[in-house]
């Protein structure tokens with residue numbers, strides 16, 4: 001039996017980027033906010049000590065920062081004809097846990113989506129005609145646009161101190177930046193990162209081919225920065241223990257390095273950690289959220305009543321909580337009805353490896369977002385007429401730091417063990433680099449999220465079931481874009497080029513990307529979306545669901561910057577619209 | 001203040017059973033008393049972590065043994081509920097408690113004697129408004145013979161000069177306000193002034209640095225080498241108010257002082273204190289010559305620094321403002337005593353936090369992977385590089401502090 005706690009103004013679920021941003025904004029508004037986080041409180045000083053943070057076995061191999069599958073697993077299948085099985089080890093993606101969430105172990109690449117991404121279906125239809133749209137795709141507009149989003153992107157850039165070089169300032173193209181980006185209202189808060197040898201060589205080659213290379217926008221900071229909350233970050237040291245690790249140098253922006261030190265000082269904020277929300281509670285009409293029920297680490301259940309409920313966990317947990325709480329109608333791919341679980345998308349990860357004889361890249365130098373990229377083959381920056389697919393990818397060289405266990409590049413044909421393998425890894429370690437292409441993932445009718453009928457978690461609740469496979473559209477796109485990357489690679493003069501476009505069926509074993517998006521998407525139509533453009537649920541006006549779960553499809557960019565911008569957008573809507581007139585902000 | 005509010009206050013005090021005559025209970029006086037309690041950081045010794053405000057119980061380790069901060073809530077049995085203002089005044093100005101027994105110098109009456117009677121009255125009025133907390137505290141936990149309070153009579157003869165602060169007519173009001181705070185309620189000298197064998201202040205060496213509980217409370221005089229002479233008044237104010245300036249970040253016991261006390265001082269008081277401290281003469285002796293870069297200790301220390309320290313404090317010792325302290329030309333680094341430096345290398349440390357600087361960065365502990373000799377060489381290198389000049393650190397000093405830090 002749940003013990004009932006005193007009412008709060010707001011309960012926030014999850015203290016990653018989205019939850020921390022919203023809790024901070026709403027406490028600024030004077031509201032009494034409690035945040036419930038399923039994992040531990042994490043703190044740079046205690047948890048990411050410089051003497052122990054660079055531990056590949058602990059963080060990369062044993063995945064200490066990810067949620068334990070025993071606590072929260074998912075089941076997976078490629079299509080509805082299969083029976084899903086649970087993932088017992090994280091492979092394809094890395095859901096986080098604890099304060100900071102996946103934002104602790106992220107790479108830090110902080111793109112904004114393109115202006116056309118927010119009205120993708122309309123844009124492509126207008127340009128190429130409805131007939132050109134591949135039949136399998138269920139693309140949708142977001143119900144918002146660049147003009148609405150830009151101020152929130154800028155807010156996030158300032159909060160996180162993002163390093164980079166603007167390519168488009170108020171409509172004026174800037175030398176050295178990404179000329180394809182949407183017009184920014186201001187330059188990046190901190191200057192671009194210095195570039196190691198690999199990205200430098202890539203940029204030179206790309207420039208010679210007529211492309212416009214730019215420094216990858218980075219949440220690993222190039223210089224010391226104090227954000228508007230007064231929290232200070234330091235310059236990245238290129239230590240190489242970055243993606244999958246917490247940052248010991250206060251250099252990688254995360255909720256714990258930018259928001260929580262200020263938030264936790266506020267008397268109207270409370271964090272409840274190691275406590276997992278079981279469900280959002282609704283009144284009898286099902287149109288008003290009354291709070292949440294959570295279970296603490298001792299197994300005690302607590303009911304936390306609140307006037308406003310903000311669900312801001314990872315994509316998987318956002319959707320699962322909505323399914324478990326009965327918010328929205330579950331999506332059914334057969335009848336193509338329902339919204340909760342709809343338009344689940346991923347990211348199409350492609351790569352090209354370059355083996356040199358005469359180069360030393362000092363591959364141990366790096367960081368998750370240190371690098372140079374080009375955008376000529378992303379979005380609709382190239383003409384898709386007659387290509388038979390839409391979408392594209394962000395092409396870039398971002399050496400994350402080649403750690404000794406995981407980074408043993410060898411050319412194809414090398415044995416997987418033994419003396420030949422050893423000599424090849426010795427030869428290749430310093431002289432190998434790769435070019436990545438983080439590419440779009442477009443929605444189909446079949447790819448979706450639902451509750452698993454068989455497998456449950458330790459509390460007896462159904463696990464979330466992922467039904468996903470790569471659409472034909474995305475595989476064609478992967479082939480095309482990876483071939484373009486291969487051309488650049490060959491221009492760099494390596495001994496051998498190995499192209500690795502995404503092929504075949506989605507496989508959960510090799511890590512690809514943690515960019516799982518959609519399932520509770522934003523839009524203009526309640527029959528095909530779950531939340532309006534303010535991230536407010538259509539059916540329950542005092543319930544906001546925030547995060548990458550709101551993306552109707554995923555462009556060829558990393559999602560964190562947009563997820564965080566949406567958090568600012570939702571907070572702004574609550575502060576300036578909802579509190580003045582509680583109720584539906586967009587008529588259904 | 002409105003009549004209604006005054007009435008309400010009168011009712012509240014009436015209910016707690018504490019009645020005052022005249023204007024001692026007026027809001028302005030009580031509020032001034034609250035501020036004075038912050039200025040004096042009374043909570044440091046009288047509010048236990050997690051305990052009720054001013055209910056006592058904070059242990060204070062002295063070279064002579066343990067003393068414990070008293071309960072100063074208005075509880076009649078275990079606090080100061082049955083004290084009169086005169087008795088409170090006598091405790092502050094003479095170190096003599098109700099009942100006539102002598103207080104130990106850990107209650108810094110040697111400084112509080114400078115506090116004006118009017119300020120004591122305000123402080124007392126404030127303390128009387130606190131919730132009375134029944135909490136018996138055995139303040140005197142010293143071993144024999146120091147537990148004999150009669151010995152304090154002789155101690156006072158040697159180490160105590162009674163009397164309110166007398167303004168220096170040759171100085172302006174700001175300087176005098178600074179002196180009044182530093183020498184009086186803020187009792188800076190309790191930690192920062194070198195002590196004689198009896199634990200009294202060494203004559204003529206006010207605020208020139210002193211080791212307390214394994215930490216160096218550094219020289220805070222206007223000495224340009226080991227003191228804060230190079231800091232501007234604004235930088236000194238920033239340190240006290242925000243906990244950090246472009247040189248340094250408060251950690252250890254000073255972090256607590258900033259968090260509980262100086263971050264809440266008025267800007268005028270901060271400025272006054274800065275003005276006063278910068279005017280103080282430091283030690284007259286010339287700084288020592290730095291060691292040659294070729295000295296084997298310097299060579300070894302440099303290698304360790306570049307490997308372990310330069311990632312944060314950077315190769316030139318400049319640090320990162322607000323995050324990693326600047327080591328070049330840092331007063332703390334240039335103090336003759338290296339206790340705090342050894343301590344933070346061995347045990348690590350965490351910066352204090354304020355609303356202005358909430359980050360709270362930390363220095364990791366290196367006791368587990370640097371030997372005594374490594375720590376000594378490292379600090380010797382830091383203390384003779386980038387314009388720094390301070391005596392080399394002895395291996396024995398590291399060994400001794402390591403022993404003290406072992407649980």
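So which of B:178, B:214 ends up being buried (at least 22 other Cβ atoms within 10 Å of the Cβ) and outside the structural domain of residue B:347 (by TED's automatic domain parsing)? Step through it out loud before you land on a result.
Numbers: B:214 fails: buried (at least 22 other Cβ atoms within 10 Å of the Cβ).
Being buried (at least 22 other Cβ atoms within 10 Å of the Cβ) and outside the structural domain of residue B:347 (by TED's automatic domain parsing) holds for just one of B:178, B:214, which is B:178.
crowded, with 17+ Cβ neighbours inside 10 Å, assigned to a helix (DSSP H, G or I) and within 14 Å of chain A (Cβ to nearest Cβ) - does that describe any residue in region B:295-304?
yes
Quick check, is residue A:442 crowded, with 19+ Cβ neighbours inside 10 Å and at pLDDT 95 or above?
Here the answer is yes, as residue A:442 does meet what is asked.
Name every residue in region A:232-256 that is touching a strand residue (DSSP E or B) at 6+ places or on another chain (Cβ under 6 Å) and buried (at least 24 other Cβ atoms within 10 Å of the Cβ), in order of residue number.
Once the filter is applied, which keeps residues that are touching a strand residue (DSSP E or B) at 6+ places or on another chain (Cβ under 6 Å) and buried (at least 24 other Cβ atoms within 10 Å of the Cβ), region A:232-256 yields A:232, A:233, A:234, A:236, A:250, A:251, A:252.
From the list B:149, B:90, B:66, exactly one residue is assigned to a helix (DSSP H, G or I) and more than 25 Å from residue B:27 (Cβ to Cβ). Which is it?
B:90
Scan region B:307-326 for residues that are in a helix (DSSP H, G or I), within 10 Å of chain A (Cβ to nearest Cβ) and either touching a strand residue (DSSP E or B) at 6+ places or on another chain (Cβ under 6 Å) or free of Cβ contacts under 8 Å to residues at least 12 places away in the same chain (or both) and jot them down.
Correct list: B:310, B:311, B:312.
State the number of residues belonging to region B:361-407 that are out of contact with any helix residue (DSSP H, G or I) (no Cβ under 6 Å at 6 or more places or on another chain) and within 14 Å of another protein chain (Cβ to nearest Cβ).
The number of residues fulfilling the criteria is 5.
Residue check, residue B:191 against (1) in contact with a strand residue (DSSP E or B) (Cβ under 7 Å, 6 or more places away or on another chain); (2) in a loop (DSSP other than H, G, I, E, B), all met but one. Which one?
All conditions pass for residue B:191, except number (2).
With the requirement that a residue be surrounded by fewer than 24 Cβ atoms within 10 Å (Cβ to Cβ) and more than 24 Å from residue A:401 (Cα to Cα), what does region A:215-231 give you?
The answer is A:226, A:227, A:228, A:229, A:230.
For residue A:193, state whether it is touching a residue at least 60 places away in the same chain (Cβ under 8 Å), in contact with a strand residue (DSSP E or B) (Cβ under 7 Å, 6 or more places away or on another chain), crowded, with 21+ Cβ neighbours inside 10 Å and more than 14 Å from chain B (Cβ to nearest Cβ).
Considered against the rule, which asks whether it is touching a residue at least 60 places away in the same chain (Cβ under 8 Å), in contact with a strand residue (DSSP E or B) (Cβ under 7 Å, 6 or more places away or on another chain), crowded, with 21+ Cβ neighbours inside 10 Å and more than 14 Å from chain B (Cβ to nearest Cβ), residue A:193 comes out as yes.
Could you figure out which of (1) under 18 Å from residue B:89 (Cα atoms); (2) in a loop (DSSP other than H, G, I, E, B); (3) in contact with a helix residue (DSSP H, G or I) (Cβ under 6 Å, 6 or more places away or on another chain) isn't true of residue B:167?
Only one criterion is unmet by residue B:167, namely (1).
For region B:93-129, how many residues meet the condition of being under 24 Å from the mean Cα position of the chain (by Cα) and assigned to a loop (DSSP other than H, G, I, E, B)?
Total satisfying the criteria: 12.
Can you name every residue in region B:335-357 that is facing another protein chain (nearest Cβ under 9 Å) and surrounded by fewer than 21 Cβ atoms within 10 Å (Cβ to Cβ)?
B:348, B:350, B:355, B:356 - these are the residues of region B:335-357 that are facing another protein chain (nearest Cβ under 9 Å) and surrounded by fewer than 21 Cβ atoms within 10 Å (Cβ to Cβ).
Within region B:384-396, track down each residue that is surrounded by 19 or more Cβ atoms within 10 Å (Cβ to Cβ) and either free of Cβ contacts under 8 Å to residues at least 60 places away in the same chain or on the phi > 0 side of the Ramachandran plot (or both).
Selection gives B:393 alone.
One line per residue, one yes/no per condition, for (1) farther than 25 Å from residue A:3 by Cα; (2) within 14 Å of chain B (Cβ to nearest Cβ); (3) in a helix (DSSP H, G or I):
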{"residue": "A:201", "(1), (2), (3)": "yes, no, yes"}
{"residue": "A:244", "(1), (2), (3)": "yes, no, no"}
{"residue": "A:271", "(1), (2), (3)": "no, no, no"}
{"residue": "A:278", "(1), (2), (3)": "no, no, no"}
{"residue": "A:285", "(1), (2), (3)": "no, no, no"}
{"residue": "A:298", "(1), (2), (3)": "no, no, no"}
{"residue": "A:302", "(1), (2), (3)": "no, no, no"}
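Which residues, counting only those in region B:155-186, are within 30 Å of residue B:339 (Cβ to Cβ) and at pLDDT below 95?
Listed by number, the residues that qualify are B:155, B:156, B:158, B:159, B:160, B:161.
Could you list, in sequence order, all residues of region A:493-545 that are under 30 Å from residue A:479 (Cβ atoms), under 23 Å from the mean Cα position of the chain (by Cα) and free of Cβ contacts under 8 Å to residues at least 40 places away in the same chain?
The one that is under 30 Å from residue A:479 (Cβ atoms), under 23 Å from the mean Cα position of the chain (by Cα) and free of Cβ contacts under 8 Å to residues at least 40 places away in the same chain: A:503.
Before we move on, is residue A:229 out of contact with any strand residue (DSSP E or B) (no Cβ under 8 Å at 6 or more places or on another chain), within 14 Å of another protein chain (Cβ to nearest Cβ) and in a loop (DSSP other than H, G, I, E, B)?
yes
In the list A:561, A:504, which residue meets the criterion of being in a loop (DSSP other than H, G, I, E, B) and within 22 Å of residue A:93 (Cα to Cα)?
A:504
The values are calculated or read from the model by the stated rules, or taken from the named source; none is laboratory data. This structure is a prediction, so every number in the text was calculated from the model and none was measured. Every residue, glycine among them, receives a Cβ derived from its backbone with ideal geometry; neighbour counts consider all protein chains shown.
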